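The block underneath contains the structure these notes are about, expressed in structure tokens.
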Amino acid sequence: MITEATRQDPQALASLHLWQLVSPALPIGAYHFSQGLEYAVHAGWVQDEDGALDWIAGLADAALGTLDLPLLWRLQQAWQRDDEAAVLRWSQRLLAARESAEQRAEERHLGRALAKALHTLGIDAAAHWITHPAATQAGLFALAAARWSIPARDAARGYLWGWCENQVLAALKLLPVGQSAGLRLQAALLPQLPDIVARAFELDDAEIGVAAPLQAMACAWHETQYTRLFRS
């Protein structure tokens with residue numbers, strides 16, 4: 001039900017929807033994945049709080065900021081136009097940029113799980129993507145942002161923050177550090193995120209890509225790692 005307060009301040013509802021999208025309570029299973037961090041710890045590349053910060057901040061800038069976020073923006077624009085051909089094209093481009101089997105499997109899993117959650121929340125267009133081979137997290141996140149009138153830059157900041165938060169939680173499970181380290185990591189990451197988002201919105205189509213070879217190798221080697229907590 002749309003109340004008078006919501007009519008007077010529609011952006012308040014959009015903000016709340018964004019918080020719902022980035023909440024760890026959203027049932028999509030993001031906590032199952034470390035995106036290569038588990039192997040990086042195993043290999044000794046990341047050994048402590050400072051190393052975790054370098055790893056997370058580097059990927060936020062050179063992977064999320066140059067691939068996921070510019071594609072998220074284009075996907076949201078496509079959903080606003082109801083241009084499913086463009087949604088499919090950008091989603092396939094994101095999947096093609098995932099350099100290991102684990103990364104592609106993770107992307108599809110999160111995309112399909114988010115599609116199921118959004119369909120439960122009343123977004124009918126999500127139903128088609130619950131079993132779609134090109135489902136991506138960014139594609140379904142963009143659908144929600146379009147349907148819930150979340151401004152594109154807010155959506156991008158929320159998407160990036162959700163990714164960073166999940167990486168921090170993975171680091172706390174993998175490293176001999178305490179909860180205070182998690183707070184410090186979040187505090188150190190926060191000031192960097194607006195600039196990453198701003199640069200992402202300046203990229204042309206031809207500039208979209210990823211430059212994180214160590215993460216790709218970590219995800220590939222993680223597939224045969226002897227003991228694992230995470231699925232990537």
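Below, the figures for the structure above:
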read-out: Residue list for region 82-124, restricted to those being small (Gly, Ala, Ser), without any contact (Cβ under 8 Å) to a residue 24 or more places away in the chain and assigned to a helix (DSSP H, G or I); value: Ala85, Ala86, Ala96
read-out: Residue within region 214-226 that is in a helix (DSSP H, G or I), among the polar types (S, T, N, Q) and under 14 Å from the mean Cα position of the chain (by Cα) present; value: no
read-out: Residue satisfying condition, being closer than 19 Å to Glu102 by Cα and among the hydrophobic types (A, V, I, L, M, F, W, C), within set Ala198, Ala188, Ala220; value: Ala220
read-out: Top-ranked residue in region 28-46 [being within 12 Å of Leu175 (Cα to Cα) and within 19 Å of the chain's Cα centre (by Cα); ranked as surrounded by the most Cβ atoms within 10 Å (Cβ to Cβ)]; value: Leu37
read-out: Cβ-Cβ under 6 Å pairs, at least 6 apart or on other chains, region 13-38 side over 20 Å from Gln225 (Cβ atoms), far side part of a loop (DSSP other than H, G, I, E, B) and of a type outside the set (A, V, I, L, M, F, W, C); value: Ala14/Ser149
read-out: Per-region count, region 41-53, residues modelled with pLDDT of 95 or more and assigned to a loop (DSSP other than H, G, I, E, B); value: 5
read-out: Any hit, region 91-110, residues being of a type in the set (A, V, I, L, M, F, W, C), more than 13 Å from the chain's Cα centre (by Cα) and crowded, with 23+ Cβ neighbours inside 10 Å; value: no
read-out: Members of region 218-232 found to be surrounded by fewer than 18 Cβ atoms within 10 Å (Cβ to Cβ) and in contact (Cβ under 8 Å) with a residue 24 or more places away in the chain, listed by number; value: Ala220, Trp221, Glu223, Gln225, Arg228, Leu229, Arg231
read-out: Residue identified as modelled with pLDDT of 95 or more and either of a type in the set (A, V, I, L, M, F, W, C) or assigned to a loop (DSSP other than H, G, I, E, B) (or both) among Leu140, Leu229; value: Leu140
read-out: Among residues of region 35-65, those that are touching a Leu at 6+ places or on another chain (Cβ under 7 Å) and under 22 Å from Gly139 (Cβ atoms), counted; value: 2
read-out: Per-region count, region 7-40, residues hydrophobic (A, V, I, L, M, F, W, C), at pLDDT 85 or above and in a helix (DSSP H, G or I); value: 10
read-out: Residue among Leu169, Leu190, Leu185 that alone is crowded, with 21+ Cβ neighbours inside 10 Å and either among the polar types (S, T, N, Q) or part of a helix (DSSP H, G or I) (or both); value: Leu185
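The values are calculated or read from the model by the stated rules, or taken from the named source; none is laboratory data. Every value quoted in this text rests on a predicted model; they were computed, and no experiment measured them. Cβ sites come from the backbone with ideal geometry, for glycine too, and all protein chains shown count toward neighbours.
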